[in-house]
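The values are calculated or read from the model by the stated rules, or taken from the named source; none is laboratory data. The shown structure was predicted, so the numbers you read here are calculated from the model rather than taken from an experiment. Glycine also receives a Cβ, built like all others from the backbone with ideal geometry; neighbour counts cover every protein chain displayed. To get the accessible areas, we keep the full protein, side chains included, count just its heavy atoms, and leave off ligands, DNA and RNA. Shrake-Rupley method; radii C 1.70, N 1.55, O 1.52, S 1.80 Å.
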Amino acid sequence: MGSESQASVPSARRRSVMLFRRARTVLVAVGVFWLWMLFFSASAVASLFDRPFYAMMALYALGALTLISLLVAPVALSYLLMNRPPKPASSAARPSGPARLALLVEQLRSGVAARSIRPQRPAGPARPAGPVQPGAPARSGAPARPETGPRTHEPHRSVRSDLAPVIKMIPRRVKDSGSALGSRAAAKWRDLAS
């Protein structure tokens, strides 16, 4: 139950961000429509007065879109406010404006200086040839790794050993027909090769 609720948290957050973005887009569209209505719609409708039917249809469409925008704008605004993403806590501590620019320049300079000062690694094998003994000093330039004991050589695992539990679940009839099919295919390839 707990894993289900943890799995649903990112999807709920993604859905909230998606709703926030959609509401913001709808509010921008409504704002653009109202700006067009205030400044450019009168000239558009006036150009249609020589055809009364089209002028009447344009006035009807503008009236309907105005009412729809009046209904959609508060809904989009409420979605925008309800799904507002939380501000990260580190944003308050971050400098803004010229101080932030100066900090970025300083970080770039220190990064370039660190890269130029970093010593070159000697050319050689990446790992020691033998097993690493516990308590032995680590190579220079390599991070120290805690070892619990001497390393043992792990034998090469075959694909069949990885599939053993899966093969046990296959019914015997299917397994036998599969091996027979495999041996027949191998015999055919041998015949073709000779």
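Relative to the current alpha-carbon distance between ALA55 and ARG15, full extension at 0.36 nm per residue lengthens the span by 10.2 nm. With the simple spin-label model, which puts each label point 7 Å out from Cα in the Cβ direction, the LEU38 to LEU108 separation comes to 4.0 nm. Using the Cβ of LEU80 as centre and a radius below 11 Å, the other residues enclosed give a net charge of +4, where K and R count +1 and D and E count -1. For region 25-40, backbone nitrogen atoms closer than 13 Å to the point 7 Å from LEU65 Cα along Cα-to-C-beta are found at 29-40.
For MET56, the accessible surface of its heavy atoms amounts to roughly 110 Å² (probe 1.4 Å, protein chains only, rounded to the nearest 10). Taking label positions 7 Å along the Cα-Cβ direction at both SER47 and ALA99, the computed distance is 5.2 nm, reported to one decimal. Accessible surface area normalised per residue over region 37-87 is 78 Å², counting heavy atoms of protein chains with a 1.4 Å rolling probe. The accessible area of PHE53, taken with all protein chains in place and a 1.4 Å probe, comes to roughly 120 Å².
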